[in-house]
Structure formats: C-alpha cells, structure tokens
There are 2 protein chains.
Amino acid sequence: MTVSCVFCSSDGGEVLWRDELCRIVLAREEHHPLLLRVIHARHVREMSDLPAAERARLMERVFAAELALRELLAPEKLNLASLGNVVPHVHWHVVPRWKDDAHFPSPIWSAPERPSRSLVVDEPLRARLRERLATLLSSA
Amino acid sequence: MTVSCVFCSSDGGEVLWRDELCRIVLAREEHHPLLLRVIHARHVREMSDLPAAERARLMERVFAAELALRELLAPEKLNLASLGNVVPHVHWHVVPRWKDDAHFPSPIWSAPERPSRSLVVDEPLRARLRERLATLLSSA
C-alpha cells in the first residue's frame, strides 16, 4: 500500500465485482461512461513484476470484463490497455467503443472528434453487469 | 486471412521473434521507435474470440516482450494496449516509456508534449532483443 496512490486509498470507481486479487469498477470516465477498470488489490508497478500464474489470473478477469461488455452492449470494438504512467499501480482499462463515440476510431486518449455518444448507465444496466461478471468469474 | 488487413498482408514491422501463434515485431513508430507489436498469426477480432488457453499463450508472449524491453532498456514505465479500431486483427502494443519521451506521462496517442527522446535502434540492440526474446520464450 502506498498512501499517495489513488488506487491504494480509494476504490477508483463503483465496484461491480471483487475478489482477493483485484476489483472491477465502473470508472464513469468522461466521454466513455462504460469504461471498466480492473485494478490489482496490491500496489504493483508492472505486469512483469507479478508471478506468471497471478498475471494469468488477472488477465482472465480483464477478459471477463471484456466479454461482459460485449454480451450486454455489443460494441463495435473492445480496447484494452494497461498504462499507469500517472498511477503506477497495475490497472487495466477495458473500453467498449462505438463508431459514433467521441474518439472512434482513434484511441480514447486522443483529442475528441465529435460529441460523446449518449449512453445511459442506469441501475438495471449496472445490475446486469454485476450479474454477468459474477457468472463469468464464478469459477475463477 | 483478410486481404485488406495490413497484418494479414505484411509483417507490420521487423520480425524479432515468431512462432505459429504470433510474431513480435519492431514497429518503428514515430516518437516511439522501440515500440514492439505482438501480432496474432490469424485474423481474429477480439481477445475474447480466442480460446482461453490461446489467450494465455499470447499474453505470455506480450509479457516476454515487456520483460525484454525492461531488462535491456530500463524504461520508466511499460505500456500495454490492444486497441484495433483501425486494424481489427488482434495485436498488442508494448511500449517502453521514459520521462523525457514525446508524450510522458500521457498515453502515446495524445498530442506530443515535447520533441522525441533520442533513441538509437541499431543492429546490436536489435540482436540483443532477438536473443532475449528467444531465451524468455524458449519454453513457451
């Protein structure tokens, strides 16, 4: 734990699923309100600092987040990224993309090309995401 | 194979390592000449379209690329991303980052903040990358 790290000192979003290894949160990012973050429970800098088996378990959670978003929302494309230049605590961005979102086909970190796509992130949708993640990860 | 796909019709960079599953290439990206790409041999759209065991094997190659870059170059941070909005053929960007590179700490897809870091990508360095990848993946 590092006191100054936002992912050590807060959940970093609304927790949709959690186990001892990581949590999956709805980050409510501007332009991309359905971006999920998969955040390691411990303050680890790089994926290659983790034992191989732990890396593999974390990635299965990232892919479950991808699959839950695909099944519920049928986006045009899924984007996955582990950057951490600002917050060097392993976390993955799992981002559903649509042709009419603010940045498509550019990465979400480029300059917006149009207004944000209208996306309703209501409690029924959040409940379906929680349920789908729980099912996909029930044997994880 | 999709004829119009650049990763089906070309290597997409200088091949440093290859097996039946994927290749690891030096992409020579502007601003980030040591960006490696791990490109799936087949035209597959999303990671979650792959069987779990194949996903895991591909990720071990991504993490080997990360580790080779860390061991040889000691960058400030490693960035990993699978986007594919323009070329929907599974490929991973493995990007060594330095505090004085053109974009740090922003993602490499944001607007450049300063001139590129000077990085010499000569044959001795490429040979060491090939050798390190071969060693790391010798039992893959």
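The values are calculated or read from the model by the stated rules, or taken from the named source; none is laboratory data. The structure presented is a predicted model; accordingly, all values stated were derived computationally and were not measured. Every residue, glycine as well, gets a Cβ built from its backbone with ideal geometry; the counts of neighbours run over all protein chains shown. Side chains are part of the model used for accessible areas, which takes the heavy atoms of the whole protein and leaves out ligands, DNA and RNA. Shrake-Rupley method; radii C 1.70, N 1.55, O 1.52, S 1.80 Å.
Go through the range B:82-99 and give me each residue that's over 14 Å from B:GLU29 (Cβ atoms), of a type outside the set (A, V, I, L, M, F, W, C) and in contact with an Asp or Glu (Cβ under 9 Å, 6 or more places away or on another chain).
B:SER82, B:GLY84, B:ASN85, B:PRO88, B:LYS99 - these are the residues of the range B:82-99 that are over 14 Å from B:GLU29 (Cβ atoms), of a type outside the set (A, V, I, L, M, F, W, C) and in contact with an Asp or Glu (Cβ under 9 Å, 6 or more places away or on another chain).
Among the numbered conditions (1) of a type outside the set (Phe, Trp, Tyr); (2) under 15 Å from the mean Cα position of the chain (by Cα); (3) open to solvent by 10 Å² or more (accessible area, probe 1.4 Å); (4) at pLDDT 95 or above, tell me where B:GLU20 comes up short.
Among (1) of a type outside the set (Phe, Trp, Tyr); (2) under 15 Å from the mean Cα position of the chain (by Cα); (3) open to solvent by 10 Å² or more (accessible area, probe 1.4 Å); (4) at pLDDT 95 or above, B:GLU20 violates only (2).
With the requirement that a residue be among the β-branched types (Val, Ile, Thr) and out of contact with any strand residue (DSSP E or B) (no Cβ under 6 Å at 6 or more places or on another chain), what does the range B:77-92 give you? Working first, answer last.
First pass over the range B:77-92, keeping only residues among the β-branched types (Val, Ile, Thr): B:86-87, B:90.
The answer is B:VAL86, B:VAL87.
Give all pairs with beta carbons closer than 6 Å in which a residue from the range B:97-120 that is on the phi < 0 side of the Ramachandran plot meets a residue that is hydroxyl-bearing (Ser, Thr, Tyr) and open to solvent by 30 Å² or more (accessible area, probe 1.4 Å); count only pairs at least 6 apart in sequence or on separate chains.
Taking only residues 6 or more apart or on different chains, the pairs are B:ALA102/B:SER116.
Are any of the residues in the range B:33-41 within 11 Å of chain A (Cβ to nearest Cβ) and under 30 Å from A:SER139 (Cα atoms)?
Filtering the range B:33-41 down to residues within 11 Å of chain A (Cβ to nearest Cβ) leaves none.
No - not one qualifying residue is present in the range B:33-41.
Could you please let me know if A:ALA111 is farther than 21 Å from A:LEU16 by Cβ, modelled with pLDDT under 95, facing chain B (nearest Cβ under 8 Å) and surrounded by fewer than 20 Cβ atoms within 10 Å (Cβ to Cβ)? Explain how you work it out, then say what you get.
Numbers: farther than 21 Å from A:LEU16 by Cβ: yes; modelled with pLDDT under 95: yes; facing chain B (nearest Cβ under 8 Å): yes; surrounded by fewer than 20 Cβ atoms within 10 Å (Cβ to Cβ): yes.
For A:ALA111, the condition - farther than 21 Å from A:LEU16 by Cβ, modelled with pLDDT under 95, facing chain B (nearest Cβ under 8 Å) and surrounded by fewer than 20 Cβ atoms within 10 Å (Cβ to Cβ) - is met.
On the basis of being under 24 Å from B:SER106 (Cβ atoms) and modelled with pLDDT under 95, does A:ARG45 make the cut? If you could, list the steps in order and put the result at the bottom.
Working: under 24 Å from B:SER106 (Cβ atoms): yes; modelled with pLDDT under 95: no.
So A:ARG45 does not fit the description; no.
Return yes or no: is B:ARG70 under 22 Å from B:GLU30 (Cα atoms), facing chain A (nearest Cβ under 10 Å) and open to solvent by less than 50 Å² (accessible area, probe 1.4 Å)? Give the derivation first.
On the way: under 22 Å from B:GLU30 (Cα atoms): yes; facing chain A (nearest Cβ under 10 Å): yes; open to solvent by less than 50 Å² (accessible area, probe 1.4 Å): no.
Here the answer is no, as B:ARG70 does not meet what is asked.
Regarding B:ARG117, is this residue away from every other protein chain (no Cβ under 13 Å), open to solvent by 40 Å² or more (accessible area, probe 1.4 Å) and under 16 Å from the mean Cα position of the chain (by Cα)? Can you show your working first?
Numbers: away from every other protein chain (no Cβ under 13 Å): yes; open to solvent by 40 Å² or more (accessible area, probe 1.4 Å): yes; under 16 Å from the mean Cα position of the chain (by Cα): no.
So B:ARG117 does not fit the description; no.
Consider B:GLU46 carefully, then state whether it is at the interface with chain A (Cβ under 10 Å from one of its Cβ atoms), among the charged types (D, E, K, R), surrounded by 15 or more Cβ atoms within 10 Å (Cβ to Cβ) and touching a strand residue (DSSP E or B) at 6+ places or on another chain (Cβ under 6 Å).
On the way: at the interface with chain A (Cβ under 10 Å from one of its Cβ atoms): yes; among the charged types (D, E, K, R): yes; surrounded by 15 or more Cβ atoms within 10 Å (Cβ to Cβ): yes; touching a strand residue (DSSP E or B) at 6+ places or on another chain (Cβ under 6 Å): yes.
Considered against the rule, which asks whether it is at the interface with chain A (Cβ under 10 Å from one of its Cβ atoms), among the charged types (D, E, K, R), surrounded by 15 or more Cβ atoms within 10 Å (Cβ to Cβ) and touching a strand residue (DSSP E or B) at 6+ places or on another chain (Cβ under 6 Å), B:GLU46 comes out as yes.
When the residues of the range A:74-93 are filtered to those that are more than 9 Å from every other protein chain (Cβ to nearest Cβ) and without any contact (Cβ under 8 Å) to a residue 60 or more places away in the chain, which remaining residue is most open to solvent (accessible area, probe 1.4 Å)?
Quick first cut of the range A:74-93, residues more than 9 Å from every other protein chain (Cβ to nearest Cβ) only: A:74-75, A:87, A:89-91.
Now narrow it down to the ones that are without any contact (Cβ under 8 Å) to a residue 60 or more places away in the chain: A:74-75, A:90.
Values: A:ALA74: 76, A:PRO75: 23, A:VAL90: 4 Å².
Per the criteria, the residue is A:ALA74.
Which condition breaks for B:ARG55 when tested against (1) in contact (Cβ under 8 Å) with a residue 12 or more places away in the chain; (2) over 30 Å from B:PRO115 (Cα atoms); (3) buried (at least 18 other Cβ atoms within 10 Å of the Cβ)?
(1)
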